[in-house]
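The structure under discussion appears below in the form of structure tokens.
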Amino acid sequence: MKQYSFATTTLGCKVNLFESGLIGHSLQNIDWQQVGHTDHADLYIINTCTVTREADRQARQTVRRLIRQNPQSLIVVTGCYAQISPEACADIPGVDLVLGNDRKLDLHDLLPDLMLGKLPPVLVGDVNEHVSLPESIIESCDGHTRAFVQVQQGCNQGCTYCIIHTARGPSRSIPITLIRRQIERLVLNGYREIVLCGVDIGSYGNGLDNDQQHYNLATLLREVCSISGDFRLRISSIDPSYLDTELIEVLAGEEKICSHFHLSLQSGNTLILKRMKRRYTAELMYERVAALAERIPNAVYGADIMTGFPTESEQAFEDSISMIERLNIAFPHVFSYSDRPGVPAARIPRQISHDIRKKRTRILIETGEKVRDKLFIGALKKQHRVSVLIEKPEKNHPHQSFGRSAEYLPVVVQGGNPVPGDLVYAQITGIEGARLIAHLAPDR
């Protein structure tokens, strides 16, 4: 009897990565063999993103390329672009099934009918009524040295520039017992860093059963940090409005939690934040991040920052520059506002030109690089000893490896022969461009 094969291609966020792992795990449980995304397979699954118009374009391009390379294979398109634009996906010649976020984790049950040609070309339902949530656990995160664990799904916010709340539905939380089992299995299987992820992770607790309604992100972090094992915990992007006293105390008090925080800031200007329909003012943002910095003085920050939102004046843009400098955002993820139909911001009359958006994006990136360089100089002066998760060997440089510290600092470790996935200690000795240089040090 033939053993069928499948491959997954994942675009977009860490939640998509975890969900692709769940899809793969469920197919392996029914005796399908997983192969690499560049290998020949009987079935290709493209898990798409729709966060920007560029993400939509990349999704269509990826689907067409896989169909061109594998004309005889079954092609399933799922994820957020499939949920928002199912007709556009179905209109691509060669697509066999467009599967919405409401059913994406049910693919293993749908496969027999798909192979017999008994399914309609589009199965996309209402994510406000139902959405796929994890019910099983995965053994590994193939191709990654750190493991991603979804703890939450959806968003209740509805920012005026964003369509993801429509693609993912309202905020729902994964039960703590399942999250704990998942992390215990991954740690047992050798992962030394776990990344908790969600669409709006700070809203953890929404949608849990009545006996768990008092749970929040602080509760979850305490529970996860009580798991035995030598691993560290990283938190994906979080809205600063969730940084209340309880959460900050947990972030500061639990040794397993990495002192690196990626903040969803978007803008340093209160009027722009209001027009974006964010939950906070610039003043509240500064207040919450200052409280976090006071409790964790060595914390390193990244942030999502948007340029060119409609009506963004020169002063509003200057406020975002100031935000990066004042909050010491060393690793800003800067992106320009994306023109797209279907979001309220598209109806705002004063749209910013693409040339200005590109210019402002470049300036914010350069501002972040200056903050990063100062951070590197400080780390070198202090001769910091850091723990580094090894990601890959340095090409053409024996006994050198690249990894990230707990603070998410990029580090080239010299000496020894650590392999990807190892957690090692290293002494910072130099700076080389956008990376720190360090020598392998004793474990303790």
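The values are calculated or read from the model by the stated rules, or taken from the named source; none is laboratory data. Because the structure is a prediction, the values reported are computed rather than measured. Every residue, glycine as well, gets a Cβ built from its backbone with ideal geometry; the counts of neighbours run over all protein chains shown.
I'd like to check something: does segment 236-243 contain any residue that is more than 17 Å from D200 (Cα to Cα) and either surrounded by fewer than 21 Cβ atoms within 10 Å (Cβ to Cβ) or at pLDDT below 95 (or both)?
Of all residues in segment 236-243, those more than 17 Å from D200 (Cα to Cα) come to none.
Scanning segment 236-243 turns up no residue that is more than 17 Å from D200 (Cα to Cα) and either surrounded by fewer than 21 Cβ atoms within 10 Å (Cβ to Cβ) or at pLDDT below 95 (or both).
What's the number of the condition N101 fails, among (1) touching a helix residue (DSSP H, G or I) at 6+ places or on another chain (Cβ under 7 Å); (2) farther than 25 Å from S338 by Cβ?
(2)
Checking P86 against (1) of a type outside the set (F, W, Y); (2) in contact with a Ser or Thr (Cβ under 6 Å, 6 or more places away or on another chain); (3) surrounded by fewer than 20 Cβ atoms within 10 Å (Cβ to Cβ), only one condition comes out false. Which one?
(2)
What pairs can you find where one residue is in segment 380-400 and free of Cβ contacts under 8 Å to residues at least 24 places away in the same chain, the other is assigned to a loop (DSSP other than H, G, I, E, B) and of a type in the set (D, E, K, R), and their Cβ atoms are less than 7 Å apart, with a gap of 6+ or different chains?
Close Cβ pairs (under 7 Å, with a partner that is assigned to a loop (DSSP other than H, G, I, E, B) and of a type in the set (D, E, K, R)) amount to Q400/E394.
So, in segment 300-335, how many residues would count as being in a helix (DSSP H, G or I) and of a type in the set (S, T, N, Q)? Lay out the reasoning, then the answer.
Here is the first cut: in segment 300-335, the ones in a helix (DSSP H, G or I) are 314-326.
If we keep only those that are of a type in the set (S, T, N, Q) as well, we get 315, 320, 322.
The qualifying residues number 3.
Mind listing whichever residues of segment 221-246 are of a type in the set (A, V, I, L, M) and part of a loop (DSSP other than H, G, I, E, B)?
Residues satisfying the conditions are I227, L243.
What residue, of K381, K392, is farther than 27 Å from A55 by Cβ, surrounded by fewer than 13 Cβ atoms within 10 Å (Cβ to Cβ) and either among the basic types (K, R) or under 23 Å from the mean Cα position of the chain (by Cα) (or both)? Walk me through how you get there before you give the answer.
Details: K392 fails: farther than 27 Å from A55 by Cβ.
K381 is the lone residue from the list that is farther than 27 Å from A55 by Cβ, surrounded by fewer than 13 Cβ atoms within 10 Å (Cβ to Cβ) and either among the basic types (K, R) or under 23 Å from the mean Cα position of the chain (by Cα) (or both).
May I ask you to verify whether D373 is assigned by TED's automatic domain parsing to the domain that holds P310, in a helix (DSSP H, G or I) and among the acidic types (D, E)? Don't jump to the end; show me each part of the working.
On the way: assigned by TED's automatic domain parsing to the domain that holds P310: yes; in a helix (DSSP H, G or I): yes; among the acidic types (D, E): yes.
The answer is yes for D373.
Hey, can you tell me all the residues within segment 375-391 that are modelled with pLDDT of 95 or more and of a type in the set (D, E, K, R)?
E391
Examine segment 273-290 for a residue that is of a type in the set (G, A, S) and surrounded by fewer than 16 Cβ atoms within 10 Å (Cβ to Cβ), and state whether such a residue exists. So that I can check it myself, show each step before the final result.
Initially, segment 273-290 is screened for residues of a type in the set (G, A, S), giving 282, 290.
Narrowing the set further to residues that are surrounded by fewer than 16 Cβ atoms within 10 Å (Cβ to Cβ) leaves 290.
Yes, segment 273-290 has at least one match.
Any idea which residue in segment 386-444 is farthest from S236 (Cα to Cα), counting only those that are of a type in the set (D, E) and assigned to a strand (DSSP E or B)? Walk me through it before giving the result.
Taking segment 386-444 and keeping what is of a type in the set (D, E), we get 391, 394, 407, 422, 432, 443.
Add one more test, that the residue is assigned to a strand (DSSP E or B), and what stays is 391, 432.
Values: E391: 18, E432: 27 Å.
Checked segment 386-444; the qualifying residue farthest from S236 (Cα to Cα) is E432.
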